[in-house]
1. Once you've got the GNM for the chain with C-alpha springs shorter than 10 Å, pick whichever of Ala168, Ala154, Ala132 has the biggest mean-square fluctuation.
2. Please report, in Å, the Rg and the Dmax of region 84-237, where both are computed over Cα atoms only.
3. Round to the nearest 10 and give me the degree value, 0 to 90, for the angle of helix 232-247's Cα axis relative to the longest principal axis of the chain.
4. Rank Ser158, Ser36, Ser45 by mean-square fluctuation in a GNM of the chain with C-alpha springs under 10 angstrom and give only the top-ranked residue.
5. Measure nothing but the geometry: give the 0 to 90° angle between the long axis through the Cα atoms of 35-64 and the longest principal axis through the Cα atoms of the chain, rounded to 10°.
6. Using only alpha carbon pairs under 8 Å that are at least six residues apart, calculate the relative contact order of the chain and give it in whole percent.
7. Tell me the carbon and sulfur percent of the accessible area for region 91-231, rounded to whole percent, probe radius 1.4 Å.
8. Compute the FRET efficiency between Asp95 and Arg144 as 1/(1 + (r/R0)^6), taking r as their Cβ-Cβ distance and R0 = 30 Å, and round to the nearest 0.05.
Amino acid sequence: MSQTDAERHSLENGLWLCENCASLIDKNKGVDFPVSLLKIWKKASEAAAQDRLFRLSESVRDNCVSSLIFMNIPRLHHLIALTKQPLELPTYFDDGIPGEGYIAPELNSLRRIIAQMRFPALQWQEAIKMFADPTGLVVSFEGRFRTRNGPKEARDRSERDISDIENAPQIYAKSGNIKFVMPYDPRFLTTATAGVEMRRGSTNVGGFASIKYREDDVVVASPFIIGLYSTPEARAFMNALVAHQRAGR
């Protein structure tokens with residue numbers, strides 16, 4: 001089958017192999033390795049790589065999902081559709097999470113579904129090392145972040161211009177000379193406590209985001225979820241406590 005030059009150099013036609021396997025396939029003009037077989041290998045390899053990304057991010061998800069302080073519902077809808085996950089989020093908070101009223105059942109319903117989501121994410125520090133332009137990548141984050149331009153009132157859910165990086169509500173961290181900035185829409189803060197957390201000056205959080213762009217030493221990302229993040233020591237203590245309680249039943 002003949003190919004145009006553009007087709008030959010397209011991502012769809014790419015097959016990433018080690019030197020030995022590439023030489024083996026190219027011998028005898030590839031007759032021993034038909035296109036149909038190579039496509040099967042490629043599909044299986046890509047599925048395995050995606051599954052590995054999912055599994056690597058599960059600990060971040062599990063650690064923060066019980067204490068989510070931010071959930072961007074529209075972006076989560078998009079991610080579920082993009083990754084073809086058999087899940088469906090309720091739509092009652094698509095325009096924002098109310099700052100008043102009793103909404104605990106609705107928030108808990110969302111948390112239970114998010115706890116089942118799979119995020120094909122690299123750690124943000126690894127992503128910026130691996131890609132000169134990481135735009136569009138889903139990344140995980142965890143640790144100490146600075147807060148800036150948070151809501152003036154704990155229950156303030158007014159819409160803000162998050163495209164204005166200098167004045168947008170945001171959390172940020174640094175790795176070497178790289179600043180990782182996540183502007184967020186206050187309408188999707190979950191509770192008044194979340195509003196307070198975003199005005200503290202710094203906070204321990206974890207979650208997932210999509211990188212929007214990199215400009216020099218600044219990487220800007222849009223968060224899907226942000227949750228309060230406990231240290232490995234605290235998690236180990238809580239896991240041991242739960243195990244002890246179960247053993248005593």
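1. Among Ala168, Ala154, Ala132, the largest GNM mean-square fluctuation belongs to Ala132.
2. 15.7, 46
3. Roughly 80 degrees between the two axes.
4. Evaluated over the chain, the most mobile residue of the options is Ser36.
5. 20
6. It rounds to 22 percent for the chain.
7. 46
8. 0.45
The values are calculated or read from the model by the stated rules, or taken from the named source; none is laboratory data. Fair warning: this is a prediction, and the values are worked out from it, not measured in the lab. All Cβ positions, glycine included, derive from the backbone under ideal geometry; neighbour counts span all protein chains shown. To get the accessible areas, we keep the full protein, side chains included, count just its heavy atoms, and leave off ligands, DNA and RNA. Shrake-Rupley method; radii C 1.70, N 1.55, O 1.52, S 1.80 Å.
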